[in-house]
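To start, the structure itself, in structure tokens.
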Amino acid sequence: MSFHSELPAPSSPRARSPLVDARAAFYAGHGWKGVHTGLEGSEPAYAERLLEAEYGHSTAALPPNTGRRPDETEAGADPGPAGSAAWLSRSDHLTATLRRACRLALPVAPEDLLAHRNAGIRGGAAVAEMWLGSVHHYGSRRAESALRELLTRSDLDGPSMALPLDLATASALRPLSAIETAEFAADRGSRAGRHAAWRHLHALPDGAALLPGPDSAADAYERLLLAPSYPPIASPAGEGAVVAQAMLLGDLDTPGQGVSGGLGVLVAGLGDRMAGLDGIASVITVVLAGRDALNDDARTMYERAPGHWIVRLPVDAAGLPDSSQMHLHRPALAWWAERLLGALPRRPQVVHVRHADDGSLALAEAAERLGSRVVFTAVPDPHRRVAGRLATPHTGPRPGELGQLRGDLHRIFVGDRLVERADTVIGVAGRCSADELVLHFPQLAEMNGGSGPAALVEGITPYLPGRDEERRGEDLVSGLFAGSDREDSLGPEDRNLPLFLCVGRMHADKQQDMLVRAWIASGLCTRSTLVLVGGSPAVENEYERDMRRRIRAALAGRPTAASRLAVLPALPNRAVRCLQHALVDPNHGVPVAWYVCPSAEEEFGLALLEAMEAGMPTAGPRQGGVFQYLHDGVGGVLLDTSSEEALSRGLLRMITLPAADRRRLAAVGRNVVTSRYSVAATADALIDAYGVRRRGRRSRAVPSGRDPVAS
């Protein structure tokens, strides 16, 4: 068969959307007025009301204070025009208005900010962002008085006192004496309020002496919080710069589990590589550690590789929060980051954050207080998804969509705040074009003479076979075909069938369930095997449970498909790469092994690069940044992953490809990765972007670059 792509070109980022129009108008300085072309009651009409409140013409900072208790602003009738969506609450309007005031840097009196501290969905984040500006404009005495008036109210419970105390700590104010703060911690029994009071005591003269002893702590998190100091740290030291990078979503060493993904592999490899570069004394990778992890290992710092240190910020959660929950931990994370990074023998000159979430915002806040330069990697996530969803009106939101929209609009706000806080903003070649990044971040349009942020190419660490590589590879493949009576293995009789491999965290965005359904619907379950690798082996999060439920539903009543599907828990990165290399080794007896990524959209896809480097013929989604390096019919296959039917056609196209074409795709793909996507090149480019060899310079821009594949 002739192998030519039948897919349309990737969609233009210039598709009209209320979100894109609203942001462009706002950052052009004239605000936005919605056109309201969507059906009333539809999601776009609802969103346009929110966008008007957030990006509109009005310069009013906040709606009038009605005298309600702050927590009463969480609900209420829609104050917007008649006919606006019934789901549009007072809290939605207030949150959007707070964010507009923050973007405009409008001064808001401390007492007014505190009155709205519980406003809306994640409205507290806007209050926290505006607080220091309010203190500077109105003076510390007025801010301290407003805090004291609130904190001494008899009806204030523990949870309500947490944010005001954290605001006082962040702005070095003392609305309460150390004795009063200690009494609050003892009397108003909320865990969140108690922890905020303890953090504040650390900042007060003689406050640490009033902390309870570590023996009274309920768990490892509280023991660390109550510790007056930490063991001396022998490193980082030496000549050269100290740079810090963040990996706050998931565990650095367990990609594919929970919220951990390919970013952890990238950050770990970059840290190892940069630590060995001339002019770099050490690299600090900042991660999170929940209560369970701290109970097992209470260290706040350890050396991962020579010169590459891990700093663990304690987080008061059993496991690791995802981006939707990070706002609950922002004040504490900012405090921990300042405390731990500030205790190093040498503070980092640069702190690099990569995600538009509240954890990254907390780290940027701490970096500013420490005097470190902030570097932010901007990507149009979730901008691209929201813009596309709102560009096409439909009648009525599906369950959960409005909650997701609220969360996405909050993350867009956080991304804007990170841009505002950053000394340098960079993009990532392959995740989007420079035009698309500026489309979604119009405030970046003037960088580098109008070309927008520089785009650095990400890469992977070259795989180096171990001494026992042959045996380990054979063991992995043999274990994979140990028996079809187990969920995590296949029958030995199916070892001669073509195999599809998919590696990644279990999440609806990754669409493993759609891959299973497409594999069944296409009939390929009768003549191939499918291997999914991902998910926690012990404690699943809600996303993993939901994905496994969907997969089981797809297999119900289909014993043949069930016997030819293996679902393995996440494996260490080295084991995954060893398996990939083993599957394409003819000595192991697997005739055809494809790597397939069925994600709805993949911003870059480091796991795809690793499969290509192993020599696997590879297929990935056409939506996102994969097409920058995987050219359809040249170095792999681009898939339409928008529906089960389209994905079925893509799988059939892959498996019917002649062997010679398949080998050609694998060879070209491997050459693309090995010649252009090295972690060494990424590390060198980052060091230049950090400017650590040009001390004393602060710049919001770095020289513009181009993606070598695109060019």
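The values are calculated or read from the model by the stated rules, or taken from the named source; none is laboratory data. Treat the numbers as computed from the prediction; the structure is a model and nothing was measured. Positions of Cβ are generated from backbone atoms using ideal geometry, with glycine treated the same way; all protein chains shown enter the neighbour counts. Just the protein is used for accessible areas: all its heavy atoms, side chains included, with ligands, DNA and RNA removed. Shrake-Rupley method; radii C 1.70, N 1.55, O 1.52, S 1.80 Å.
Structure data summary
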{"read-out": "The stretch 301-317 - residue that is in contact with a Gly (Cβ under 6 Å, 6 or more places away or on another chain) and at pLDDT below 95 and, of those, farthest from M247 (Cα to Cα)", "value": "A317"}
{"read-out": "Helices (runs of 4 or more DSSP H) lying entirely in the stretch 313-398 (those with 3 or more residues that are open to solvent by less than 40 Å² (accessible area, probe 1.4 Å) and more than 23 Å from S229 (Cα to Cα))", "value": "358-370, 383-391"}
{"read-out": "Pair list, Cβ < 8 Å and 6+ apart or interchain, from the stretch 652-677 residues that are without any contact (Cβ under 8 Å) to a residue 40 or more places away in the chain to residues that are surrounded by fewer than 17 Cβ atoms within 10 Å (Cβ to Cβ)", "value": "V668/V634"}
{"read-out": "Tally, over the stretch 486-517, of residues that are surrounded by fewer than 21 Cβ atoms within 10 Å (Cβ to Cβ) and over 23 Å from A556 (Cβ atoms)", "value": "6"}
{"read-out": "Residue among G705, G650, G691, G625 that is open to solvent by less than 40 Å² (accessible area, probe 1.4 Å) and at pLDDT 90 or above", "value": "G650"}
{"read-out": "Residue satisfying all of: in the stretch 588-612; in contact (Cβ under 8 Å) with a residue 40 or more places away in the chain and in a helix (DSSP H, G or I); surrounded by the fewest Cβ atoms within 10 Å (Cβ to Cβ) among these", "value": "H588"}
{"read-out": "Residue in the stretch 536-550 that is out of contact with any Ser or Thr (no Cβ under 8 Å at 6 or more places or on another chain), among the hydrophobic types (A, V, I, L, M, F, W, C), assigned to a helix (DSSP H, G or I) and under 21 Å from S648 (Cα atoms) present", "value": "yes"}
{"read-out": "Residue in the stretch 290-300 that is open to solvent by less than 30 Å² (accessible area, probe 1.4 Å), modelled with pLDDT of 90 or more, in a helix (DSSP H, G or I) and touching a Phe, Trp or Tyr at 6+ places or on another chain (Cβ under 7 Å) present", "value": "yes"}
{"read-out": "Top-ranked residue in the stretch 101-123 [being over 25 Å from the mean Cα position of the chain (by Cα) and part of a helix (DSSP H, G or I); ranked as nearest to M161 (Cα to Cα)]", "value": "L114"}
{"read-out": "Residue ID - nearest to A367 (Cα to Cα), chosen from residues in the stretch 413-460 that are in a helix (DSSP H, G or I) and among the β-branched types (V, I, T)", "value": "V419"}
{"read-out": "Selection status of L173, part of a loop (DSSP other than H, G, I, E, B) and either buried (at least 23 other Cβ atoms within 10 Å of the Cβ) or not hydroxyl-bearing (S, T, Y) (or both)", "value": "yes"}
{"read-out": "Residue among H137, H200 that alone is open to solvent by 10 Å² or more (accessible area, probe 1.4 Å), assigned to a helix (DSSP H, G or I) and of a type outside the set (G, A, S)", "value": "H137"}
